[in-house]
Amino acid sequence: MDFAIPSKHDEPPKMLWWDFDQATIFMLFVVFGILSGFLFLGVVIGVWTARWYSKKKAGKHRYYVVHILYWYLPSQIIFPFPPLPPSSIREFIG
């Protein structure tokens with residue numbers, strides 16, 4: 001039997017020719033352009049921002065932006081739940 005092994009199994013999800021995160025940035029600006037009444041300007045700014053983002057992301061890890069957000073945003077935004085208690089506490093009240 002001859003089996004084909006997919007070579008692009010680990011590729012990130014794509015929308016048209018962009019990665020999904022780049023397409024999301026583009027769509028965000030298009031929606032803002034539609035809501036503000038400036039569709040052409042929203043498309044132009046969306047394309048420019050998506051291309052800028054793709055150049056910044058090129059050659060880095062796939063989740064590079066998530067790592068940057070983890071380091072530079074306040075932890076209450078990323079982890080809205082209260083932190084776990086220290087591991088030195090062995091007994092809890094209740």
Whole-percent carbon and sulfur contribution to the accessible surface of the range 24-63 (1.4 Å, no ligands, DNA or RNA) stands at 76 percent
Neighbours of Y53 by Cβ distance under 14 Å: Lys/Arg at +1, Asp/Glu at -1, summed charge +4
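Cβ neighbours within 10 Å, averaged per peptide: list 41-47, 52-58 in order, most packed at the top.
Numbers: 41-47: 16.4, 52-58: 12.6.
Listed from highest to lowest mean packing, they are 41-47, 52-58.
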Net charge near V65: determine it from the other residues with C-beta under 10 Å of the C-beta of V65, scoring Lys and Arg +1 and Asp and Glu -1.
+3
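The values are calculated or read from the model by the stated rules, or taken from the named source; none is laboratory data. Fair warning: this is a prediction, and the values are worked out from it, not measured in the lab. We place every Cβ from the backbone using ideal geometry, glycine too, and count neighbours over all the protein chains shown. Heads up: the accessible areas ignore ligands, DNA and RNA and are worked out on the full protein's heavy atoms, side chains in. Shrake-Rupley method; radii C 1.70, N 1.55, O 1.52, S 1.80 Å.
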